[in-house]
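Notes follow the structure.
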Amino acid sequence: MSEPVNQRGNGPDTADPAFVMRLRQRISQGVLSMTSGSGPTLDYSHPPGDPGLFGPEALCWRVHADFTSMMIGGVSALMLQALHPLALAGVWDHSTFRTDIRGRLRRTATFIAGTTYGARADALALIERVKRIHQSVTGTAPDGRPYRASDPALLTWVHVAEVSSFLAAHLRYVNPSLAIVEQDRYYAEVALIAKMLGASDVPETRAQVADYLSSMRPQLEAGPRTFEVIRILRDTALPERPLLQPAVRLMFNAGVDLLPAWAQPMLGFNALTRMQARLARPGVRVVGPLVRWAHVNAVSKRARRRVSAGRDA
């Protein structure tokens, strides 16, 4: 694990403890500022013993635990989702993402964390909340087709674009050797959330996900709205803290690099841009361990302590 050094060249374990604590807190607070502050506030520490919807042995607890790879996967997923005209129309007409992209990212992060690690009652409440919101998201796309966010087929598209991006980021930056059988288990687990939201025909293995994405390609296209989403993600998602801005730019470039090869040119990324995006990989491999080191009270860790507290009682 890469760790920060002090002026004497020592790592955190041998540096002044107060300095290490302040450094950890600054990095952790910066991380939290990008994914908290909007939407419901959940207590991941209670009630003791509650395993939530999955429990700590689930693959999704492992895949969703790494902040850096999840951020990269989330950025990539938003770009991929924007290739579906009806999914994009719903976001365009009913979301504040153009003026509050960070709020959109934070709400998505809350939903993923809450349904993965939250107590069962909290996870179910989040799902019901999203379902209620979806009921009011209806309209007509620019091509004249009607859309509704509760459409089971659209829910499946949004889900697959999201979880396939999360797993791709995990494989690239956390555990490239994750066995196929475990990848299949991940897809089977997270399919539960999609089904509870109302999705239909949800793929539950790596092969099924690949077949699904291939079958969807004729329905995907990029237009002015798609490219505006890309611009917003690139130019306006930067945090207020200047020290965090290079890291967020790194996440964006890594998200571009993570996209399926067929999606990159559709989204307007030429060969030079794609080559530049690949340069994000070494940077992520430096930033990722630093964030893990700093984020000592991550949601996944609080949830594990909650479950353990019940077992030890």
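Assess whether LEU83 counts as being over 20 Å from ALA191 (Cα atoms), part of a loop (DSSP other than H, G, I, E, B) and out of contact with any Phe, Trp or Tyr (no Cβ under 7 Å at 6 or more places or on another chain).
Here the answer is yes, as LEU83 does meet what is asked.
Taking the stretch 222-245, which residues are farther than 15 Å from VAL75 by Cβ and either out of contact with any helix residue (DSSP H, G or I) (no Cβ under 6 Å at 6 or more places or on another chain) or at pLDDT below 90 (or both)?
Of everything in the stretch 222-245, those that are farther than 15 Å from VAL75 by Cβ and either out of contact with any helix residue (DSSP H, G or I) (no Cβ under 6 Å at 6 or more places or on another chain) or at pLDDT below 90 (or both) turn out to be GLY223, PRO224, PHE227, GLU228, GLU240, ARG241, PRO242, LEU243.
Let's see how each residue does on (1) over 23 Å from PRO218 (Cα atoms); (2) surrounded by 19 or more Cβ atoms within 10 Å (Cβ to Cβ); (3) β-branched (Val, Ile, Thr):
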| position | (1), (2), (3) |
| --- | --- |
| ILE72 | yes, yes, yes |
| VAL75 | no, yes, yes |
| MET79 | no, yes, no |
| LEU83 | no, yes, no |
| ALA89 | no, yes, no |
| THR96 | yes, no, yes |
| ASP100 | yes, no, no |
| GLY103 | yes, no, no |
| THR108 | yes, no, yes |
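Take the stretch 254-283 and flag every residue that is over 17 Å from GLN81 (Cα atoms), surrounded by 15 or more Cβ atoms within 10 Å (Cβ to Cβ) and of a type outside the set (D, E, K, R).
Matches in the stretch 254-283: THR273, ALA277, ALA280, GLY283.
Tell me, yes or no, whether the stretch 146-159 has at least one residue that is within 22 Å of LEU53 (Cα to Cα), surrounded by 17 or more Cβ atoms within 10 Å (Cβ to Cβ), among the acidic types (Asp, Glu) and in contact (Cβ under 8 Å) with a residue 40 or more places away in the chain.
no
Kindly indicate whether ARG217 is surrounded by fewer than 17 Cβ atoms within 10 Å (Cβ to Cβ), among the charged types (D, E, K, R), assigned to a helix (DSSP H, G or I) and modelled with pLDDT of 95 or more.
For ARG217, the condition - surrounded by fewer than 17 Cβ atoms within 10 Å (Cβ to Cβ), among the charged types (D, E, K, R), assigned to a helix (DSSP H, G or I) and modelled with pLDDT of 95 or more - is met.
Exactly one of these conditions fails for ASP211: (1) surrounded by fewer than 16 Cβ atoms within 10 Å (Cβ to Cβ); (2) in contact (Cβ under 8 Å) with a residue 40 or more places away in the chain. Give me its number.
Every condition holds for ASP211 apart from (2).
What about PHE252, is it more than 19 Å from VAL63 (Cα to Cα) and either in a loop (DSSP other than H, G, I, E, B) or acidic (Asp, Glu) (or both)?
For PHE252, the condition - more than 19 Å from VAL63 (Cα to Cα) and either in a loop (DSSP other than H, G, I, E, B) or acidic (Asp, Glu) (or both) - is not met.
Limited to the stretch 92-131, what total is found for residues that are in contact (Cβ under 8 Å) with a residue 60 or more places away in the chain and among the β-branched types (Val, Ile, Thr)?
6
Just to be sure, is ARG234 part of a helix (DSSP H, G or I), touching a residue at least 12 places away in the same chain (Cβ under 8 Å) and closer than 20 Å to ASP66 by Cα?
No; evaluated as a whole, the condition is false for this residue.
Count, please, the residues in the stretch 164-190 that happen to be without any contact (Cβ under 8 Å) to a residue 24 or more places away in the chain and buried (at least 21 other Cβ atoms within 10 Å of the Cβ).
Result for the stretch 164-190: 0.
The values are calculated or read from the model by the stated rules, or taken from the named source; none is laboratory data. Remember, predicted model here, so these are calculated numbers, not experimental data. No Cβ is skipped: glycine too gets one built from the backbone with ideal geometry, and neighbour counts run over all protein chains shown.
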